[in-house]
Structures are given as structure tokens and as C-alpha cells.
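Nothing in this text is a laboratory measurement; each read-out follows from the coordinates by a stated rule. Keep in mind the model is a prediction, meaning the values are calculated, not measured. Here Cβ is always computed from backbone atoms with ideal geometry, including for glycine, and neighbour counts include all displayed protein chains.
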Amino acid sequence: MPPDAPLLAAQNLAKHYKVRGGGVLRAVDGVDLTVRAGDTHALVGESGCGKTTLGRLILRLVEPTTGSIRFRGEDLLALKPEAMRRMRRHLSVIFQDPYGSLDPRMTVAEIVGEPLRIFGQGTRAERRARVEALLAQVGLTPAHATRHPHEFSGGQRQRIGIARALALEPDLVVCDEPVSALDVSIQAQIINLLQDLQQSHGLTYLFVAHDLSVVRHIADRVSVMYLGRVVEEAPKAALFAAPRHPYTRALLAAVPQPKPGAPPPVPLAGEVPSPLNPPSGCRFRTRCPVAVARCAEDDPALRELAAGHRVACHLAEA
Amino acid sequence: MTRLIEIEDLAVSFRTDRGEVEALSGVSLHLDEGEVLGVVGESGCGKSLTALAIMGLVPSPPGRITRGRIAFAGRDLLGLDEAAMTRIRGEQIAMIFQEPMSALNPVFTVGEQVAEVLRVHEGLGRTAARERAAQLLARVGIPDPARRLGQYPHELSGGLRQRVMIAAALACRPKLLIADEPTTALDVTIQAQILALLADLQREFGMATMLITHDLGVVAQVVTRVVVMYAGKVVEEGPVEAVFERPSHPYTAALMRSIPALAEGVSRLPAIPGTVPAPGAWPRGCRFAPRCTHAVPECGAGVPPLYPVAPGHHAACIRHAA
């Protein structure tokens, strides 16, 4: 792998589902995604935009309909099962729901140690020591190791999930809404923990989120998705300071600011069309305040308008 | 301003395996006619339970109101029998919830459910109720209301379902609307639509609104006065500008510092240490003291009352004791 090659590069990735009664649901429909090592790359968008499916495609929990994924310089989709199994230790995931993603019958030590056991890492004693070290890294104590998930608060459960995700020292962690189920006062703790661990472990995050203020705080780069497509991709600062796609602008304007007297949130009219039957041309045109005739005919491709800032809109200018 | 709701020293307990556990311990708050009050707090703070107590919907058993008073337009709600309370619920106080799917009945059409409210509480006939239901759906911004009336809740998006709930809640022009996390399950662009709709209807109908939320952005944009709850108690209340500009309880201040939206430019969020204590595990004295950077030994001595900070602005912290 050349030194400046991205850790992850997905091209033209798509996942189509055949639906009962005919029709094709285009959950992800032709997405390019490049993630540099050490970055936090956020995927944002509203329900049904495909961000969670895209995360699962990268993890190969879902097989794509088309496209390619290069990870650590290898063609991920071409790997045979045994090679893919070995590759899995470099890919990890943290789920949204710390209540649903931990087996209630297992102790914390079993949960965190399971990946080590499955991958045959070390002796029993070595694994126990490693679990204790992992618990310490996420702010838990050895005394927690023998307890069960129900004895913990949501924030502590998310710490357990993070310890498990880090057990095999992955390169890329897909964080699927990791703080959105947590209380406000606990979110900040977990965000700080994720940032500390990124520093100390050299992690790369693919951060799937709908909360734009969390993304603004944690991300380096952001891809904005709408109806299965990336509509804008930019370094965080550029995206929040000067969003260029009308959807990104609408999304940012819809967030209520926690400042009394700030401009009120601006609603975007209508609802997201069905991914079973997306609009022709630009998928956002049915809700876009600036759409013109051309938008119904030509499907806009992502164009680079400034360094690293790509926008899929006919009307966006450099 | 005329007082619409006055809650005094309300306490609610639940019978559990571990004995009787207090979930709300002496909450006092008020709401004037036409006012929009925000009630903010994290899970388990008692904000939803306060709303359920107003509605007479605390599940009993295991729940029990152990003390306190709820006056609504001068009437003592806790003394009313079930029939009188049912009338108040339909005609005077309405409530909408976070997940409209769980509040709507899946086996009846949208039209049947909105029309039922009108038939029971307004005494409208079948045809009149259906016509009025269609008007209400149109008023809450549902396109093609005549067709939607014949659909079932699962056929609607989350945003449309919440609009149906709002239509049913407003059918009898209540004096008070309680909205419990009405936009939490919705996407941000749909949330903005629903918040705009609620503000619009609030102006038109002049009803008082009690908005329960954990989202400080929603509070800042929607309400005029805010009550902050923590561990079954009110810890701060005041005009929304004052509470955001001069948060006077250390919990409110720490909460605001910790949210990414207000921590622009910092590389590390000032998080609140520890966890939100569960009912039954509340510390003695000030319940926030174990997580508070200002805590002193006296904080454990007794539960601090609400001290005045400025006109209409109170905080339950001994730092404000005169």
C-alpha cells in the first residue's frame, strides 16, 4: 500500500433490494467514499438516506449489488472467506443501542474477550489481562468484568461496546450513531473517550450520525447523503462554513440552535421521496428551492469545486 | 396572566421489588394561560411523569401520588373521579407523544380516530365528525386529507403520524397541550416542520403548551419559560433567555457547556462526570452534588429549595441562598 493511499476507498457502491410485489429499493445507489487513515469521516443524512447501509457495506455485513471496496490496499470484495475472516480484525463496529447490542447473559469480561477468543489470541490468562487493560482504557474497572450488561447505565454499556470494538486493535471502526441513544450529559463523556482512543490507538472512524452538532465537533471530513447518494463531501470546516448543495444548506438551517433569539429553524417543505421510485435527474429536486428544468433531466455527478470539496448539483459554482 | 396549571410539592412513588421508590419528589411548577413552557431534563428526571400526573395517567398500581396538589383552572385535578378526568383529558388538556405509532390505534383508520374524539367530546354526528376531521388534517398540513382519512397509521410517515396526533389533540381546542418529546423520533427537517406547525397553532388557538424535551436547541427556539429537572426535582426555572445567558444551577450550566452545539471551537468537551442517578439511588441533600464541581460539604446536608436569582428566575443551589 503506497504511503499516501487512503485506508478505505469505495467506488460506485450500490445496494439494491428486490421488494415483494416487484420494484427495487435503492438503499445505496452509486456512492464513492474515500477515508484517509487517522480521520474521522462522518456520514450524515436523514432516515432512509442510506448512511447505515453504507456503513454495513463497508463492514461487508451486507454484500453490495455493485461497486468495489479497497481497504488496506486490498480488494475487500474479492477476498475469499478465510482471507475475509482474517481481514475482519482490522474492521470493527460500535452500535447505536448499548441496550440491544450486548448479550445480556454474558459477563462484561466474556463480551469484551469474545473477539480475542474467536481469533485465538493468547492464552486464557493473557486474554484476561487484555480484557482488564481494555476496560481500563474505556474508563471501567476490573471489578466491572464479572458483571452483566443490565447492571450498567447506558453510558457504561456504550463503554463496554467500545472496549469490545477495540479488542483486536482494528484500523477502521464504523461508529453507527454511537451517542444518539445516550443522555445529553453522558454524550460528551463518550465523544471525549472516542477522541482519546483515536489518538492513543491511531484509529480511523467512519462516523454515521444524524446529529450535526456532534459531527461538527468530531469529524474531519463529512459526506452528506440523500436518497442513496452522496450529494456533498467536504472538509468539516468548509462544509459548515459554506455548504454548497441546497440539501446541505437546508439540513443545516433546520437545526434549532440552543441560543434564544437565534434565527428559528427553517423547515424544508415536503418529505423524502420513496427510494423505490426516486425522482428522475437530481433526487433532491422535488424539495429543492432552486431547482430548474435541467434538474429533472440530468442526474448531477459529484464535481470538485474547491480542494477536497465535491458537490452533486448543477447549479453549484466554484 | 391567568394561572392555568399550578403544581405544588408533587411526589410520586412506585412499588418495586426493592420496595417503594420515589420517582418524583416535591415538584412545584406553574403555567399561565397561553404560555409555552419547556420542561428539560435527562431520562429518569421525572419530566414525563409530571406530565402523566397532570393527565391523571400515572399507572396505578404500581404508581401512587404520595403528596402534592395539581390545580387546573382553579380545579383540584387530584380530587376528580375518573369520569370527570376523562372529560378534562379530552376537552381541556391534550397530550402528544414522542412515538405517535404507539399512541395511535393500528386497527382503526386515521379518520376514525380523529372523528372519534369529535363524536365523543363534541357530540358531532358521523358525517359532521368526518368533515371536521378532514378540515383538521388539512389545518395541520396533511396533503390530500380526504384520502388520508381512509388510511391506517402504518401507511403514514413518522412526520405525518405526528401531524395526525396533533390534529386529534387539537380537535376540541384544549386550553393546554402537553407535548412529550414530540419531535425526538423525527428527522431534523421534519422536526423543523412540526415545530413551525406547533408554533403556528399555538398562536392561532392561544393554548398553553408544556413542551417536554431533552433538546436544548428545541427549548431555545420554542419556549418562553423553562423548567430544568434533575433526579425528580426542579433545579432551575426562569425565562428562557435568562436561563441560557445566566444558567444558575451548576447542573444547567454544566449541561450547556457539555453540548457540542455550544462548545464551538473547543477540542475537548467539558463533560459532566459520573452518571444520572436512578430513582431509588438518589444521593442525600443536593442530588447533583456528587457530579458538581462546586460541591461543598453543606450540599449533603439537606435538599436545597429554589432560591431566587432574579425576578422569575430560581435555582435550587445553596450558592444562591441569601
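Amide H to amide H, with H built 1.01 Å from N, B:VAL39 comes under 5 Å of B:LEU211, B:ILE212, B:THR213, B:VAL227, counting only residues 5 or more places away or on other chains.
Cut-off under 23 Å on the C-alpha distance; same-chain residues fewer than 8 positions from B:LYS233 excluded. Which lysines are left, in chain and number order? Those lysines meeting the cut-off are B:LYS47.
Taking a ≥ b ≥ c as the square roots of the eigenvalues of the Cα gyration tensor of region B:42-189, is the shape rounded (a/c under 1.5), prolate (a/b larger than b/c) or oblate? Can you show the working numbers first?
Numbers: a/c = 2.27, a/b = 1.44, b/c = 1.58.
Judged from the Cα gyration tensor, region B:42-189 comes out oblate (a/c at least 1.5, b/c at or above a/b).
Remark on B:LEU24: its backbone amide H falls under 5 Å from those of B:VAL12, a criterion applied only to residues 5 or more positions apart or on other chains, H modelled at 1.01 Å from N.
Each residue of region A:97-107 was assigned a 3J(HN,Hα) from its phi angle through the Karplus expression (A = 6.51, B = -1.76, C = 1.60, θ = phi - 60°), giving 9, x, 8, x, 9, 10, 5, x, 8, 8, 7 Hz with x at Gly and Pro.
Excluding B:PHE14 itself, what net charge comes from residues whose Cβ is under 9 Å from its Cβ, given Lys and Arg +1 and Asp and Glu -1?
Numbers: positive: B:ARG15, B:ARG64; negative: B:GLU20, B:GLU22.
Result for the neighbourhood of B:PHE14: 0.
Here the spin labels are modelled as points 7 Å beyond Cα on the Cα-Cβ line, and at A:GLN121 and B:HIS294 they lie 4.5 nm apart. Please check: in the Gaussian network model of chain B (C-alpha springs, under 10 Å), which one of B:ARG287, B:ARG257, B:ARG69 has the largest mean-square fluctuation. Sorting by GNM fluctuation, first place goes to B:ARG257.
Residues whose amide H lies under 5 Å from that of B:VAL235, counting only those 5 or more places away or on a different chain, are B:VAL228, B:MET229, B:TYR230; hydrogens are built 1.01 Å from N in the peptide plane.
Residue exposure proxy: A:THR204, B:THR2, ordered by other Cβ atoms within 10 angstrom of their Cβ from fewest to most, comes out as B:THR2, A:THR204.
Just the number, please: percent antiparallel of the DSSP beta bridges in the protein assembly as shown, rounded to the nearest 5.
Numbers: 59 of 95 bridges.
Rounded to the nearest five, the antiparallel share is 60 percent.
Across chain A, the mean sequence separation of Cα contacts (distance under 8 Å, 6 or more residues apart), normalised by length, yields a relative contact order of 20 percent. With a Förster radius of 35 Å applied to the beta-carbon distance between A:VAL266 and B:SER102, the computed FRET efficiency rounds to 0.75. Residues considered: B:ALA171, B:ALA133, B:ALA103. Largest GNM mean-square fluctuation over chain B, using C-alpha springs under 10 Å, is found at B:ALA103. In region B:116-203, the alpha-carbon atoms span a convex hull of 99 Å³ per residue. Taking every DSSP beta bridge that has both ends in chain A, the antiparallel portion is near 60%.
Legend: calculated FRET efficiency, A:ARG85 to A:HIS148, from the Cβ-Cβ distance at R0 = 30 Å, rounded to 0.05, equals 0.55.
So what is the diffusion coefficient of the protein assembly as shown in µm² per second by Stokes-Einstein at 4 °C and 1.567 mPa s, using a Kirkwood Rh over Cα pairs?
Values: Rh = 26.7 Å.
Roughly 49 µm²/s, to the nearest whole number.
Seen from A:SER280, the other residues with C-beta closer than 10 Å to its C-beta sum to a net charge of -1, counting Lys and Arg as +1 and Asp and Glu as -1.
Sort largest first and round to whole Å: the equivalent ellipsoid semi-axes of region B:68-119, each the square root of five times a Cα gyration tensor eigenvalue. Numbers along the way, then the final one.
Values: eigenvalues 142, 35, 16 Å².
Working from the Cα gyration tensor, I get semi-axes of 27, 13, 9 Å.
Each Lys or Arg adds one and each Asp or Glu takes one away; over the other residues whose Cβ falls under 15 Å from the Cβ of B:LEU156, this sums to -2. For region B:214-290, rounded, prolate or oblate, judged on the Cα gyration tensor with a ≥ b ≥ c (square roots of eigenvalues), a/c < 1.5 rounded, else prolate if a/b > b/c? Oblate, because a/c is 1.5 or more while a/b does not exceed b/c.
Each part gets one Cα centre, and for region B:35-60 versus region A:66-98 those centres are 46 Å apart.
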